[in-house]
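**Student:** I'd like to ask you about the structure that follows.
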Amino acid sequence: MQCLEHPVEKLRSILFSTRKDLIEAYEQYSQAEKRFLEGSLLPGSSVFTAITIHSNSDWIPAHPEAPQDFQSFYSNPYRSTPDPGHKTIYIQTIGCLTDGAGITEQYVEWLREYCEAFYYGLRVKLLPAVTVAATSCMFRVNSNTNNLQLHAGDLLTFLKKIKPKDAFCIVGITMIDLYPKDSWNFVFGQASLSEGMGVFSFARYDDNFYTHNYAGKLKRTLKLKPGDYSVFQDYYTPPINSTLLLRSCKTLTHEIGHIFGIKHCQWLQCVMQGSNHLEESDRRPLDLCPICLRKLQCAIGFKIADRYKALLQWIEKESSAHQSDKPTEAFQDYRQWLCKCLSILEATNK
C-alpha cells in the first residue's frame, strides 16, 4: 500500500493559489473557516487524511491525469457555475429503482434531500419518473453478466430534450446497468459536462451483482426484440439498504461535482477521488477535502458550518409517520466526522 503524502506548504499553495485576487478572496473566509481549512492540511489532522493506493488497479496509477489545484479550477473557462436563472439540480428517475412505486419515490426523495444538503444553497427537484420505453433508448443483454443494459448515450439525448430552462444540470438515475457503445462491457455513468447532463446507474452497487446467484440475470434463452420494452416489466431491482443508499449518495454527488468542473482529486481523501472498482469506491469518504471544498464554495457560496449542519440534519432527521425509517446505519461514521468538523469550527470561532 502506498500513501500519497504532500508537503504542507504545497497543499497550502494549492488551496490559496498564487493569484492576488484569489488570495484576497480567501481572506473573505471567517477566521474559524480559515483555521479549519489550514489546520486540516497539517500532518496528523483528525478530519482529513492522505490518499492510500492499495494496488495498481486503483484509479490514480491506472489513469494518470494532471492534478487540479484551486487556481486551475477557477481559471477553467469551460466550468459550469450556477447563476440566478440556473440554480436548480434536476433528478430524473428512469424505471423503478426498487420494488414498488412508493418505495422508489421515498428512496429518490432521500437522494434529493441529501443532494440538496451536499450542494447547500442550490435547489434540487425531482422530475416525474419515466419508464424505459419513454426514453426510446437502445438496450441489450450483457454477454458476460447476462443482465439488461441501457444505452447511456441515448439516455443523455432524452435528458437533453426534457432539461428545464432553469436547470443548472439534470441527472438521470436508474437501477438498470448501462453501456456506452457495443464494444464496451459496461459503464457506471456518462456525462456531458458542457450540456450540464449526466446519467448514472446504481445496479452494480448491489452486493450480489457479481455473484453467480444474482437475481437480475436473465434466462439465456431470452431473445430481445428492438423496441420491445416489455422485458423491463417486473425486472429485478435490489432491496434498499443502508449501504446501497450510501453508495448512491456518494456516486450522485461525485458525478454532479464533475459538472461543476471539479476534476478527480489527488490531494487528500475526498469524495472526488476517482475509483476503478467498487472496493476503491467504498474507501472514498462521503465528503470533500479542503481543496475541493473551496472549489465548491467558490461556485455556490455557503458557510462551511451551515453546509455541515444540513448534512448532519439529513442523517439525524426522523422519517414521518407514513414513511419507512431512513436506513442511515452506514452513515454513522460520517455523522461522527461531521460532528468533529463542527466542533473544530465552533471552537475556533470562540
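No lab work stands behind these numbers, since they all come straight from the coordinates. Being a predicted model, the structure only gives us computed values, none of them experimental. Positions of Cβ are backbone-derived with ideal geometry, glycine not excepted, and every protein chain shown enters the neighbour counts.
**Student:** For Leu278 and Trp184, calculate 0.36 nm times their separation in residues minus their Cα-Cα distance, and state this gained length in nm to one decimal.
**Tutor:** Working it through step by step, the gained length comes to 32.0 nm.
**Student:** Suppose R0 equals 30 Å. What FRET efficiency, 1/(1 + (r/R0)^6) with r the Cβ-Cβ distance, do Ser143 and Gln233 give to the nearest 0.05? Mind dumping the intermediate values first?
**Tutor:** Values: r = 23 Å, r/R0 = 0.75.
For R0 = 30 Å, the calculated efficiency reads 0.85.
**Student:** What are the radius of gyration and Dmax of the chain, computed over its Cα atoms and given in Å?
**Tutor:** Cα radius of gyration and Dmax of the chain are 20.6, 69 Å respectively.
**Student:** Additional query: Anyone know which of Leu15, Leu222, Leu286 comes out most mobile in the 10 Å Cα GNM of the chain?
**Tutor:** Comparing Leu15, Leu222, Leu286 in the GNM, the peak value goes to Leu222.
**Student:** Here is a further query. Stokes-Einstein D for segment 249-350 at 25 °C, 0.890 mPa s, Kirkwood Rh over Cα pairs, in µm²/s?
**Tutor:** 164 µm²/s
**Student:** Over the chain, with a Gaussian network built from C-alpha contacts below 10 Å, which listed residue (Ser183, Ser46, Ser30) shows the highest mean-square fluctuation?
**Tutor:** Sorting by GNM fluctuation, first place goes to Ser183.
**Student:** Where both partners of a DSSP beta bridge lie in segment 94-217, what percent of those bridges are antiparallel, to the nearest 5?
**Tutor:** About 45 percent, rounded to the nearest 5.
**Student:** I'd like the distance separating the alpha-carbon centroids of segment 19-52 and segment 80-159, in whole Å.
**Tutor:** What the calculation gives is 34 Å, centre to centre.
**Student:** Related question: Among the trypsin sites (Lys or Arg not before Pro) within segment 1-77, which fall in a DSSP loop and have no more than 14 other Cβ atoms within 10 Å of their own Cβ? Don't jump to the answer; show the numbers that get you there.
**Tutor:** On the way: sites: Lys10, Arg12, Arg19, Lys20, Lys34, Arg35; in loops: Arg19.
Those that pass, being in a loop and sparsely packed, are Arg19.
**Student:** With r as the distance between the Cβ atoms of Arg12 and Leu224 and R0 = 35 Å, compute the FRET efficiency 1/(1 + (r/R0)^6) and round to 0.05.
**Tutor:** On the way: r = 56 Å, r/R0 = 1.60.
The pair Leu224/Arg12 has a calculated efficiency of 0.05.
**Student:** While we're looking at this one, here's another question. Only sites in a loop by DSSP and with at most 10 other Cβ atoms within 10 Å count here; which trypsin sites (Lys or Arg not before Pro) in segment 136-228 make the cut?
**Tutor:** Counting only loop positions with at most 10 other Cβ atoms within 10 Å, the trypsin sites (Lys or Arg not before Pro) in segment 136-228 are Lys165, Lys181, Lys219, Arg220, Lys223.
**Student:** Using only Cα atoms, what Kirkwood radius does segment 88-250 have, in angstroms?
**Tutor:** On the way: mean 1/r = 0.0618 Å⁻¹.
It is 16.2 Å.
**Student:** Using only helices, what value at 222 nm comes out for the chain when you add -39,500 (n - 2.57) per DSSP H run of length 4 or more and divide by the total residues, to the nearest 500 deg cm²/dmol?
**Tutor:** On the way: 13 runs with 133 residues, N = 350.
Estimated from H runs of four or more residues: -11000 deg cm²/dmol.
**Student:** Assign one of three labels to segment 37-167, namely rounded, prolate or oblate, based on the Cα gyration tensor with a ≥ b ≥ c the square roots of its eigenvalues; rounded applies when a/c is under 1.5, prolate when it is not and a/b is larger than b/c, and oblate otherwise.
**Tutor:** Prolate is the answer for segment 37-167, as a/c is 1.5 or above and a/b outweighs b/c.
**Student:** Can you compute the FRET efficiency between Ala134 and Ala62 using 1/(1 + (r/R0)^6), with r the Cβ-Cβ distance and R0 = 25 Å? Round to the nearest 0.05.
**Tutor:** So, using R0 = 25 Å, E works out to roughly 0.10.
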